[in-house]
Amino acid sequence: MAVAGTLYTYPENWRAFKALIAAQYSGAAVKVLSTPPQFHFGQTNKTPEFLKKFPVGKVPAFEGEDGFCIFESNAIAHYVSSDELRGKSKEAAAQVLQWVSFADSDIVPPASTWVFPTLGIMQYNKQATEYAKEEVKRILTLLDCHLKTRTFLVGERITLADITVVCTLLWLYKQVLEPSFRQPYGNVNRWFVTCVNQPQFKAILGELKLCEKMAQFDAKRFAENQPRKESSKKEKTPKEEKKAEKKEEEKKPEPAEELDECDQVLAAEPKFKDPFADLPKSSFSMDEFKQKYSNEDTLKVALPHFWEHFDKDGWSIWYAEYRFPEELSQTFMSCNLITGMFQRLDKLRKNAFASVIVFGTNNDSSISGLWVFRGQELAFPLIPDWQVDYESYTWRKLEPDSEECQTLVREYFSWEGDFKHVGKAFNQGKIFK
Ligand SMILES: N[C@@H](CCC(=O)N[C@@H](CS)C(=O)NCC(=O)O)C(=O)O
């Protein structure tokens, strides 16, 4: 029986990608919980309930519908994989394990040392970075040699070895492996690009943009990410004050504190400047609507609330349709395509709402949805991270008072109705907020 369950993670976690891509191949139904209120990284994974299931308190972590729980990203990816991905013969399976272990032991350390400072989540150390660059060269040389006569790492098809090594190299290729640095490793580049262009990878990673210019240490972001020292609350006498001041002057600058991996991920969340901040205030509260939508009857409570409070000057309503339905094969993959898109758009959650539905059956399906955005324009061009998916859709702004808009809002919000414009049976759907 195919595996089904929930993966707890934070958005855009390359470790979680391993299992998610593997699931695209195997057909495992993996639901992702990565954002509040369902999963709040740093909080939910420290609750007694979570620790009872996953004593290390780390993510990714997987809970099967049958209650089976497993942590460690490689173990999860193995669990959700098919026999083909794991390596069919004893030898192939051992080779897959060899590359998975190699990725953790040989690639993760230098990749982190080199890439983390460029993201402002680790202090830069010249010597360590130079050493890491040499290590990366050694790894790329070794992979290049291996891939000279092979299409994939093990056997003739993609296996968990390719999925794992690609995911481990992901940040290097995105952040620092500029064209001149990666040029000597033509076989690795060819293999990497082939893998990330497979629909199963694309559904999770989106369209990948390879590094154009090697990123350097982001000192500003690193400084912003440092936890502030708590100042003493106790009142000081003037004498004590003077003494403290003197001590402060004498103090050498403190070395920047290094963050552990969990802190790094939390800190890595870019300091987000709200791109909607300059819009005039709106009377419509998206939070309030979402609470109604999540907790109450859609047709009886959430929809009337929506139309009663909707502010058509401050918000706009859009209909979106996936442009390449002929490329959609398995409907579960289409669902994952949408899941990936919504993970990438996580920071839009206070300023957007969407209900997106997959219609039809395997090899004959379509994706369309209804979106509500803050402002009168599509929000995607505001932030580069939001631009990965939206060009794969056609977008049509709706007139809120029109009959068409009222019908589409009702049908897409409630998942009920004729969906006359679609012309395919409503089969399965995914809803996102
Ligand atoms: N070897 C583990 C590493 C997992 C890990 O370190 N996860 C970090 C996030 S990247 C985490 O959940 N940290 C929380 C903590 O340490 O409290 C795996 O591959 O799954």
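Just a few scattered comments:
- Alpha carbon centroid spacing (whole Å) that separates the range 59-76 from the range 125-175: 26
- Mean Kyte hydropathy of -1.0 or more with a Cα span along the axis of at least 30 Å, helices from DSSP in the chain: 126-147
- Fraction of beta bridges assigned by DSSP in the range 4-81 that are antiparallel (%, nearest 5): 60
- The value of relative contact order for the chain, using C-alpha pairs under 8 Å at least six residues apart, is 14 percent.
- Mean separation of Cα contacts under 8 Å, 6 or more apart, over the residue count of the range 4-81: relative contact order %: 42
- Coil-residue trypsin sites (Lys or Arg not before Pro) of the range 147-182, DSSP, other Cβ within 10 Å capped at 13: LYS148, ARG150, ARG157
- Gaussian network model of the chain, springs between alpha carbon atoms under 10 Å - residue of ARG344, ARG86, ARG138 with greatest fluctuation: ARG138
- Sparse-neighbourhood loop sites, GluC sites (Glu not before Pro) in the range 355-424 - DSSP loop, at most 12 other Cβ within 10 angstrom: GLU377, GLU416
- Residues in the range 23-37 that a label on PHE68 would reach, taking backbone N under 13 Å of a point 7 Å out along Cα→Cβ: 28-29
- Solvent exposure of the range 308-433 amounts to 46 Å² per residue of accessible area, where only protein heavy atoms count and the probe is 1.4 Å.
- Cleavage-rule hits (chymotrypsin sites (Phe, Trp or Tyr not before Pro)) in the range 1-74: DSSP loop, at most 16 neighbouring Cβ within 10 angstrom: PHE68
- The 3J(HN,Hα) values that the Karplus relation (6.51, -1.76, 1.60; θ = phi - 60°) gives for the range 213-223 are, in residue order, 9, 4, 5, 10, 3, 9, 5, 5, 5, 4, 4 Hz. Gly and Pro appear as x.
- Between the amide H of TRP315 and those of GLY375, distances stay under 5 Å, these residues lying 5 or more places away or on another chain, with hydrogens modeled in the peptide plane.
- Stretching GLN406 away from GLN216 to a fully extended chain increases their span by 63.4 nm, per 0.36 nm per residue minus the current alpha-carbon distance.
- Projected label points at HIS146 and GLU377, each 7 Å from Cα along the beta carbon direction, are separated by 4.7 nanometres.
- Evaluated with a Cβ-only charge set (Lys, Arg +1; Asp, Glu -1), the range 4-81 carries a dipole of roughly 180 debye about its Cα centre, given to the nearest 20.
- Part-to-part distance (alpha-carbon centres) for the range 364-414 and the range 177-205, which is given in Å: 32
- Expected 222 nm ellipticity per residue - DSSP helices of 4 or more, -39500 (n - 2.57), all of the chain, to 500: -12500 deg cm²/dmol
- The fraction of accessible area contributed by carbon and sulfur in the chain is 51 percent, rounded to a whole number (1.4 Å probe; ligands and nucleic acids excluded).
- Per the Debye formula on identical point scatterers at the alpha carbon atoms of the chain, with no solvent, log10 I(q)/I(0) at q = 0.14 Å⁻¹ is -1.40.
The values are calculated or read from the model by the stated rules, or taken from the named source; none is laboratory data. The model shown is predicted, which means the values in this text are computed figures rather than measured ones. In this analysis, Cβ positions are derived from the backbone assuming ideal geometry, glycine residues included, and neighbour counts consider all displayed protein chains. Side chains included, ligands, DNA and RNA excluded: accessible areas come from the protein's heavy atoms. Shrake-Rupley method; radii C 1.70, N 1.55, O 1.52, S 1.80 Å.
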